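Read the structure below first, then the notes.
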Amino acid sequence: MRVCLATPPLITDNPREPLAMPLGIAYLGATLERGGFDVTLIDGAMAGPVTGQGANRYLIGAAPDRLAGLIAADRPDLVGLSCPFTTRYRLFSQCLKALRERLPGVPVVVGGIHPTLFARRILEQDHPDVVVLGEGELTLLELARRAAENGTPDPEGLDGVAWLRNDRVVVRERTNYVEDLDTLPEPALHLLPVDKYLARSGGRWASQLRSVLPVLTSRSCPGRCSFCSVHALFGPKWRGHSAERVLDEIAGLVRRYNPSLIAFEDDRLTWDRERLLKIMDGITSRRIKVRWHTPNGVHIDDLDEGLLRAMRKAGCRSLNLAIESGDPDILNRVIGKKGTSDQAREVAFACRELGIRINGYFIIGMPGETDESIQRTLDLCLELPLDGLGIFIATPFPGTRMFDECVQRGYIDPDRFSQEFLEAGDPELLHRPLFDTGTMSRQRLLWWEREFKRQFIKRLYRRRPAVRVKAVLRRCLGLASRLAGR
Ligand code: B12
Ligand code: SF4
């Protein structure tokens, strides 16, 4: 039986948006392949050109109708459509509609964070056969087996599914997660055009020239930050692959594809110190020639000098530190994250000593944020020996504590906010503050964002004049090549 798994394309404001491999469908595909199914993976973002959509917007990949055509051309017996971000919902929905027209009799199962959060609405509006809630490997495998036996992916009796029974929505919340992650096969990267990703993957805190492949060594996180939605996907408990399995996976990727960088995409890579040390020591002792980085922020609270030293030795050249806020009340109470500014200082200076490049991630605009609390964050940011700055304006995504709090306080209308702002995936909106709080206006927040960038650059140039020279040279080279191209 043939199963085609696909993800929708995306809209961005960057025509050269780096593309990362879609690990979700790659894990699902590997599990189905091991179960004996014939699997095709189509990443909508990689399956078409970049098309201008006017006003600084670009569609990256195959438009929904074209994507549905590509899926139909594969002649699947079952389709699995992923919606891995709320911001891709609109394109996902259009693709599902086009699929129904092209493949009227073929069952469609959907999954990913957005269908998990909005199963009821998606069943009523978009009419998939089944919504799989959260971690999907074993559930999809069982649905595919049932479809192979009876022609339909009957979800009755399964955990983590939602469907329409006699026009009424039935939801069975997920209670079971894969306890031993090593029982899952490695993601089926071989079913994706790896070369194309290697050519287009740089840029997320890596040089544009880097070829990057992702590795996910663990799922979920014991933390409960108010802006985070990973628990809806992977449950309350952190689970990690064994160090041996991670080392085999990395060694295999290096041998087969020779990427210049591995990106650990974990939610909380550093939670189990002993396991991480084993991975680091293994990379060194097995002489795996690899450099790696952590595009998601690492938790300051988990790091110490011994661990950082082992990380450096094992190929870590840059870390993104999730510092979030210099205000203890915002950090510990509002966001709900452990840690202190002193710990951020210790870790940042230790990284500097060890020669690890560090980017600081900060978030501003949490409910209750004031000029004073943001000033404390800026002071901390300028004090640390950072090489790069990631300044983010807080966005309440559905399924997070922050979202519920913003609704309760009357800052946002839940339906309007999700449907008009987030589901459209408009890049303009995503980078803007979307609501006023009682203590901070949107305009003031934008001013602060600019102030962070301005002061950070000023400070960086003063501390490291070479960075300024390089920036000027890069600008001149860019201008020269543009002129030469005329
Ligand atoms: C890597 C990553 C990215 C990469 C994307 C890489 C890619 N090609 O997918 C980049 C940097 C581009 C990115 C961007 C953003 N991201 Co991001 N990202 C992640 C991260 C860290 C890992 C994703 C991943 O690979 N997961 C591992 C795989 C195995 O999980 P999965 O895809 O969810 O798939 C599983 C299940 O969902 C399910 N499933 C999925 N699809 C299907 C389909 C079927 C048929 C079935 C049955 C099951 C199923 O089964 C899979 C296996 O268990 C997640 C956090 C996380 N833990 O997932 C955040 C996360 C997905 N991102 C998030 C956010 C907010 C964003 C941004 C909106 C940030 C911003 N403000 O700009 C943008 C949106 C991008 C866009 N415009 O589309 C949120 C999502 C919230 C939401 N409601 O959308 C998450 C959950 C982070 C968080 N802490 O809350 N992101
Ligand atoms: S530490 Fe990271 S993964 Fe864990 S809850 Fe906070 S934001 Fe989410």
| Tail weight of P(r) past 19 Å, computed on alpha-carbon pairs of the stretch 1-72, percent | 40
| task | Estimate the FRET efficiency between residue 404 and residue 258 by the formula 1/(1 + (r/R0)^6), using the beta-carbon distance for r and 35 Å for R0, to the nearest 0.05. | result | 0.15
| request: Compute the distribution of all C-alpha to C-alpha distances in the chain, in bins of 10 Å from 0, and list the percent of pairs in each, rounded to whole numbers. | output: 4, 18, 29, 28, 16, 5, 0
| With charges only on Cβ, +1 for K and R and -1 for D and E, what is the dipole size of the stretch 424-486 about its Cα centre, in debye, rounded to 20? | 700
| task | Determine Rg/Rh for the stretch 258-382; Rg is computed over alpha-carbon atoms and Rh is the Kirkwood hydrodynamic estimate from the same atoms. | result | 1.01
| field | Charge dipole (debye, nearest 20) of the chain; +1 at Cβ of Lys and Arg, -1 at Cβ of Asp and Glu | value | 2420
| Chain lengthening between residue 102 and residue 70 when straightened (0.36 nm per residue, less Cα-Cα) | 10.5 nm
| query | On full extension of the chain, what length is gained from residue 14 through residue 483, given 0.36 nm per residue of separation minus the C-alpha to C-alpha distance? | reply | 166.7 nm
| said: Could you compute the net charge surrounding residue 392? Neighbours are other residues with a C-beta less than 11 Å from the C-beta of residue 392; K and R count +1, D and E count -1. | reply: -2
| Proportion of all alpha-carbon pairs of the stretch 348-431 beyond 16 Å (%) | 63
| message | Just to be sure I understand the model, the point goes 7 Å from the Cα along the line to the Cβ. What's the resulting residue 148 to residue 464 distance in nm? | response | 5.3
| message | Given the options 21, 69, 51, identify the residue whose Cα lies farthest towards the positive end of the charge dipole of the stretch 15-100 (+1 on Cβ of Lys, Arg; -1 on Cβ of Asp, Glu). | response | 51
| query | Hey, rough spin-label estimate for residue 372 and residue 1, points 7 angstrom out along Cα→Cβ, what's it come to in nanometres? | reply | 6.3
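Can you tell me the alpha carbon radius of gyration of the stretch 106-170 divided by the globular rule-of-thumb value 2.2 N^0.38 Å?
For the stretch 106-170, the normalised Cα radius of gyration is 1.00.
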| Unmatched cysteines, the chain - criterion: no other Cβ of a Cys under 4.7 angstrom | 4, 83, 95, 221, 316, 351, 381, 406, 476
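At 222 nm, what value in deg cm²/dmol follows for the chain if DSSP H runs of at least 4 each add -39500 (n - 2.57) and the sum is divided by all its residues, to the nearest 500?
Values: 17 runs with 194 residues, N = 486.
-12000 deg cm²/dmol, from helical runs alone.
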| More than 23 Å apart: what percent of Cα pairs in the stretch 2-172 qualify? | 34
| remark: Quick calc, residue 186 & residue 382: beta-carbon distance into FRET formula, R0 35 Å, rounding 0.05, result 0.25
| request: List every residue whose amide H lies under 5 Å from the amide H of residue 42, counting only residues 5 or more places away in sequence or on a different chain, with H placed 1.01 Å from N in the peptide plane. | output: 5, 6, 7
| said: In Å, what Kirkwood hydrodynamic radius results for the stretch 201-477 from the alpha-carbon pair distances? | reply: 20.0
| Lys/Arg Cβ at +1, Asp/Glu Cβ at -1, dipole of the chain taken about the Cα centre: which of 213, 131, 258 is farthest positive-ward? | 258
| said: What are the ³J(HN,Hα) couplings of the stretch 286-301, residue after residue, when phi is run through the Karplus curve with 6.51, -1.76, 1.60 and θ = phi - 60°? Round to Hz, x for glycine and proline. | reply: 7, 6, 7, 7, 8, 10, 9, 8, 10, x, 7, x, 8, 7, 3, 4
| task | Compute the label zone of residue 277 within the stretch 294-325: residues whose backbone N is under 16 Å from the point 7 Å along Cα-to-Cβ. | result | 302-314
| said: How far apart, in nanometres, would the label points at residue 178 and residue 50 be if each is projected 7 angstrom from Cα along the Cα-to-Cβ direction? | reply: 3.4
| To the nearest 10 degrees, how steep is helix 442-463 against the longest Cα principal axis of the chain, on a 0 to 90 scale? | 50
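Taken together, the values in this text are just the output of simple stated rules run on the coordinates, not laboratory data. Computed from a predicted structure; not experimentally measured. Positions of Cβ are generated from backbone atoms using ideal geometry, with glycine treated the same way; all protein chains shown enter the neighbour counts.
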